[in-house]
Amino acid sequence: MSDDDTPAETPETQTLPLDAWHRAKGGRMVEFAGYWMPVQFEGIMAEHLWVRENAGLFDVSHMGQLFLSGDGLDDALEALIPADVKGVALGQQKYSLLLAENGGILDDLMISRWPGGIYMVVNGATKWDDIAHLREHLPDHITLNHLEDRALLALQGPKAFDVLKRHVTGDYPLDALYFMIGGKFVLAGVEVWISRSGYTGEDGFEISLPADAAERIADLLTGEPEVKPIGLGARDSLRLEADLPLYGHDLDPETTPVMASLGFAVAAKRRREEGGYPGHARIMAERADGPIVKRVGLLVEGRQPVREGAMVVDAEGSEVGKVTSGGFAPSVGAPIAMAYVPAAMAAPGTEITLAQRGKLHRATVAPMPFVPHNYVRKGA
């Protein structure tokens, strides 16, 4: 065998800054997005319901935290993502999408205006591809820093505000933050960036902090009676109930924002009219005429969940769509799913047949989210 034929080594699974902390708390660790991560502590059902009623602490330090700066940054980013970057004020956060030339989704992401540039959070499983894509397509004078020395924690649930308010100081009070607004604060003597955001559908906060302070702050927050550590399993069921798609499952490079029911991510009037981002013509055509397929929510009959990969079938048993996420929804008390179906089958109330492992399941297209969002919006 020549050197060129030598199999590539499998990358070693990485650890989070809180790896030892998770194990000491009884976290059952699994490989996810190239990292060892806790899938559960006490149990997925219990953790899910705890977050809906109290507050849970999630370690999402596997996500990619980037800081971009340089003259003309807003224009440069608007050539790659459909967000109105120029309209993002200091401290404001916005959901957006990294798009391929055909309008397909390479990743979904968050951008925030920090002093001096744009802070971007991308998915852990795609962060190296995202960084390479950004470096290839951004002008040379734009600087991209990968903030590898920072951790990211999410405190989520209706009691998250009360807990965090006991411990933060800053230039303004915590209750000045509304959904998708952030700012600099001091937490346990550490300067952190806190945004009022998260991926559970509940009120909550995401905290970007130095990695070497993660254990101290995790101990502080879980030391409060309202807070428990929560694993990946409950994060998945919470986001599914809240109609929050997961990249690599519900979103991929063959799926456009309109197909994915993410029209709000391409809704800025100036960007719709001016374009300038990849796939603009296709996306605008789909907005006008409707996509061929569409992401929908499904309520599944019975108690058995359907999982990712189950087929949507027509009356003849032919595959016409696919389930991309599915599971039992603790807050709903029934199995739910997300699926891509033909546009003609996407109206709420449409009866759907699913095939999984040779067994048929009945489902109904349901409005999403399956549970109400409890975000604290300005003016609400």
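Values in this text are rule-based calculations from the coordinates and carry no lab data. Nothing here was measured: the structure is a model prediction, and the numbers come from that model. Here the Cβ is made from the backbone with ideal geometry for all residues, glycine too, and neighbour counts use every protein chain on show.
From Cα pairs below 8 angstrom and at least 6 apart in sequence, can you work out the relative contact order of segment 2-137, rounded to a whole percent?
19
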Measure up 86/184; 25/127; 159/378; 94/322; 127/228; 184/228 against 23 Å on the Cα-Cα distance and list the ones that go over. 25/127; 94/322; 127/228; 184/228
Using only the alpha-carbon atoms of segment 117-223 as identical scatterers, what base-10 log of I(q)/I(0) does the Debye formula give at q = 0.10, 0.11, 0.15, 0.18 Å⁻¹? -0.33, -0.40, -0.70, -0.94
How high is the relative contact order of the chain, given as a whole-number percent (alpha carbon pairs under 8 Å, six or more residues apart)? 17
What are the trypsin sites (Lys or Arg not before Pro) within segment 296-363 that DSSP puts in a loop, where the Cβ has at most 11 other Cβ atoms within 10 Å? 303, 357
With +1 on each Lys and Arg Cβ and -1 on each Asp and Glu Cβ, and nothing else charged, work out how big the dipole of the chain is about its Cα centre, in Debye to the nearest 20. 1460
Additional length obtainable on full extension of the chain from residue 166 to residue 353, 0.36 nm per residue less Cα span: 62.3 nm
With Cβ to Cβ distances under 11 Å as the rule, what net charge do the other residues near residue 293 carry (K, R +1; D, E -1)? +1
Residues of segment 109-127 with amide N under 16 Å of a point placed 7 Å along Cα→Cβ from residue 264: 109-111
